[in-house]
1. Quick one: which of Asp22, Asp77 is touching a residue at least 40 places away in the same chain (Cβ under 8 Å) and open to solvent by 10 Å² or more (accessible area, probe 1.4 Å)?
2. Take the residues in the stretch 37-47 that are part of a helix (DSSP H, G or I) and over 18 Å from the mean Cα position of the chain (by Cα), then tell me which one is farthest from the ligand (Cβ to nearest atom).
3. Inside the stretch 257-310, can you point out the residues that are charged (D, E, K, R) and closer than 23 Å to Met81 by Cβ?
4. Among the residues of the stretch 112-136 satisfying the criterion of being small (Gly, Ala, Ser), assigned to a loop (DSSP other than H, G, I, E, B) and touching a residue at least 24 places away in the same chain (Cβ under 8 Å), which is nearest to the ligand (Cβ to nearest atom)?
5. Quick one: count up the residues across the stretch 250-278 that are open to solvent by less than 50 Å² (accessible area, probe 1.4 Å), assigned to a loop (DSSP other than H, G, I, E, B) and away from the ligand (no atom under 16 Å from the Cβ).
6. Hey, any hits in the stretch 48-65 for a residue that's within 27 Å of Ala307 (Cβ to Cβ) and within 16 Å of the ligand (Cβ to nearest atom)?
7. With Leu109, Leu84 as the choices, which residue is surrounded by fewer than 24 Cβ atoms within 10 Å (Cβ to Cβ) and assigned to a loop (DSSP other than H, G, I, E, B)?
8. When only residues in the stretch 143-159 that are in contact with a Ser or Thr (Cβ under 6 Å, 6 or more places away or on another chain) and closer than 19 Å to Tyr290 by Cβ count, which is surrounded by the most Cβ atoms within 10 Å (Cβ to Cβ)?
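The values are calculated or read from the model by the stated rules, or taken from the named source; none is laboratory data. Small disclaimer: the values here were computed from a predicted structure and weren't measured. Note: ideal-geometry Cβ built from the backbone for every residue, glycine included; neighbour counts use all protein chains shown. Just the protein is used for accessible areas: all its heavy atoms, side chains included, with ligands, DNA and RNA removed. Shrake-Rupley method; radii C 1.70, N 1.55, O 1.52, S 1.80 Å.
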Amino acid sequence: MELRAQIRSVAHYVPERRVTNDDLSQLMDTSDAWITERTGIKERRFVDTTCAGTSELGERAARLALAQAGWNAQDVDLIVMATLSPDLYFPGVGVMLQQKLGCRTIPALDIRAQCSGLVYGLSVVDGYIKSRQAKKVLLVCAEVQSPVLDLTTRGRDMAVLFGDGAGAMTIEAVEGDGSHRGILDSFLGSDGSGAEVLCMKLPGTATPGFISADDIQQSRVHPSMDGKLVFKNAVTRLLETAGTLLKRNNLTPEQIDLIIPHQANLRINEMVRTQLGLPPEKVFNNIQKYGNTTAATIPICMSEAVAEGRLKRGDLVLTLAFGAGFTWGGNLIRW
Ligand code: ACO
């Protein structure tokens, strides 16, 4: 009998505080024209000072996803949480979510795959379900990134790109319902030679003394990136992922109803779309409103795509992601 991991619901939450490109140009030497032309971003959401961390955003998205699925927190038998911005250095944020939601003493694990958090997460959930270790899974992707950005001209190449937000999904084991819906395939990759091309080094155990006043002074506590190198790698790996998943499932790009790519740069997604020979309506983008919300990006897109009627039951969906690590991957899903 065919066992499938079927998505029951997807929901998202973003903080209310909108930060436009013009707002950022009050803080640093940048402009709406530069940011729009180079990235497609018009605004992003930042948490305010009352935010108690990533688990708070994750909890809000998770409660919406649970309600939509008609589940209560006690039904969940596995939490998978993806983030690069945990509440604490340790423990992971999955256990905080478990406690906040009032789940049973079920396993809660964290995924550190940055912008690939959702695609890695769906692959992990699929594995747990197919090996019969879980039946009702809550996958939550959340990020609070704004507090670690250098919001001065020194950090402008990174600061204009990122935002805060959360997405959550409920995923259930379904046996032989004949619908063929669910996660059909996943492809993942990584290349640690790119680890320091896009990273935040501090706080970290690789640095003697862990963290010093000078590190703070010299801005070594903020994320940094070689943007051009990341850009080139992103386009290559996203196309490789799409090609692999299409080929091994005997599909052409036209047979995909909707591609949901990570939102790092609209130009990256446009390059991937044109290489695949697809019209604009086949690729979902919302980077204009939220910037790059790292792991939270793809579930936020899914949630909006469902609400806008662009993602419907039975559709064939392809997710594609690339991010720090480098990590990359995708999932083929019958929605
Ligand atoms: N405002 C104005 N000027 C800026 C800004 C800014 N915010 N940032 C950089 N500039 C300047 C630079 O200083 C440079 O000036 P110079 O020519 O005088 O030296 C000029 O603009 C051009 O900078 P580039 O870095 O060459 O700009 P580019 O066209 O490469 O765009 C960008 C930069 C948007 C960062 C792009 O490289 C990119 O999107 N890279 C990929 C990002 C990505 O995919 N990230 C992966 C996911 S993130 C994750 O996993 C956590």
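1. Answer to the check: Asp77.
2. Looking at the filtered set, the residue picked out is Glu37.
3. Across the stretch 257-310, the qualifying residue is only Glu304.
4. Top of the filtered list is Ala113.
5. 3
6. Yes, there is a match, as at least one residue in the stretch 48-65 is within 27 Å of Ala307 (Cβ to Cβ) and within 16 Å of the ligand (Cβ to nearest atom).
7. Leu84
8. Glu143
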